[in-house]
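Visitor: Take a look at the following structure, please.
The values are calculated or read from the model by the stated rules, or taken from the named source; none is laboratory data. Since the structure is predicted, the reported quantities are computational estimates derived from the model, not experimental observations. Using ideal geometry, Cβ is built from the backbone for each residue, glycine included, and neighbour counts are taken over all protein chains shown. Calculation scope for accessible area: heavy atoms of the full protein, side chains included, ligands and nucleic acids excluded. Shrake-Rupley method; radii C 1.70, N 1.55, O 1.52, S 1.80 Å.
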Amino acid sequence: MSATRPDAAMRDRRRAARKAQLRVVLRGALGAAVVIGTVAWAHFGSGRPVFSPHGTPEAGWSAFREAYGVDSFGRDGYFVRAIQNGYNLVHHTHKYAWRFTRKGALDHPNACSDCHSAEALAYAFAAGDRFDARLGRRVSFEERVMRCYATHLDGFIPTIHEPAVRDIRIFARMVAHHLQLGEGALERTP
């Protein structure tokens, strides 16, 4: 009878080890299912635009898209979405770059478009990276955008890699392409 007790104890340990292993596998599978379910809900079921890669079209975007031939870059894609975000940043800065500006919807100027037209940004992009005598060094287009947030919008300076800077550059680049501006093109005064 003493031989069956060690066998029974061994079987109990094996059974307990299998249960523990099954518990670990089930926890991992449940965690993965929760993550997959949350992602699926966020993208397909929530209806919230924050989970969608497509930006919300603001007033004037459709007319701008047609006037500047944005569709020549495709109906959708990274570049077109960056142009749209750049458009939103330029025309609705207080809404899309709120963390870099203290200006609200009722303050003026509260958007880049209050001071700069799309064409002016394109010329600034084409003539970018120029020597600034006041600063005593070359200043890039991106740095000028960053300074604009701090000075004209009474806000904070974003990093150069921030989409609030990058997408304005892509927006200005697209407009410069549409206007066929070469490097160093200077804006004509009327």
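Visitor: If Rh is defined by the Kirkwood formula over all Cα pairs and Rg also comes from Cα, what ratio Rg/Rh do you get for region 59-190?
Guide: Ratio of gyration radius to Kirkwood radius: 0.96.
Visitor: Determine the order of 187, 142 by accessible area, beginning with the largest, at a probe radius of 1.4 Å.
Guide: So, going from the largest accessible area down, we get 187, 142.
Visitor: Continuing with this model, one more query. Check residue 101: other-chain or 5+ apart residues with amide H under 5 Å from its amide H, H built from backbone geometry?
Guide: 156
Visitor: Let me ask you something else. At a threshold of 8 angstrom on Cα-Cα distance, excluding pairs fewer than six apart, so keeping six or more, what relative contact order does region 73-123 reach in percent?
Guide: 26 percent
Visitor: Ignoring any ligand, DNA or RNA, what whole percent of the accessible area of the chain comes from carbon and sulfur when the probe is 1.4 angstrom?
Guide: Summing carbon and sulfur atoms, their accessible area is 58 percent of the total for the chain.
Visitor: Using protein chains only and a probe of 1.4 angstrom, how many square angstrom of residue 145 are accessible, to the nearest 10?
Guide: 20 Å²
Visitor: Enumerate by residue number the chymotrypsin sites (Phe, Trp or Tyr not before Pro) in region 131-161 meeting two conditions: DSSP loop (anything except H, G, I, E, B), and at most 13 other Cβ atoms within 10 Å of the site's Cβ.
Guide: 156
Visitor: May I pose another question? So what is the calculated 222 nm ellipticity per residue for the chain, using -39500 (n - 2.57) for each DSSP H run with n of 4 or more, over all residues, to the nearest 500 deg cm²/dmol?
Guide: -16500 deg cm²/dmol
Visitor: What does the accessible area per residue of the chain come to in Å², with a 1.4 Å probe and no ligands, DNA or RNA counted?
Guide: That works out to 66 Å² per residue.
Visitor: Another question, if that's okay. Choose one answer from 78, 96, 123: the residue with the largest mean-square fluctuation in a GNM of the chain with alpha-carbon springs under 10 Å.
Guide: 78
Visitor: Further question: So what's the projected area for region 83-141, the Cα convex hull averaged over all directions, in nm²?
Guide: Dividing the Cα hull surface by four gives the mean projection, 4.8 nm².
Visitor: Quick one: compute the contact order of the chain, relative version, from alpha carbon pairs under 8 angstrom and 6+ residues apart, as a percent.
Guide: 20 percent
Visitor: Gaussian network model of the chain, Cα springs within a sub-10 Å range: biggest mean-square fluctuation belongs to which of 44, 73, 100?
Guide: Between 44, 73, 100, it is 44 that shows the largest mean-square fluctuation.
Visitor: Rounded to whole Hz and in sequence order, give me ³J(HN,Hα) for region 109-122 from the Karplus expression 6.51 cos²θ - 1.76 cosθ + 1.60, θ = phi - 60°, writing x for Gly and Pro.
Guide: x, 10, 9, 4, 5, 5, 10, 10, 7, 4, 5, 5, 5, 5
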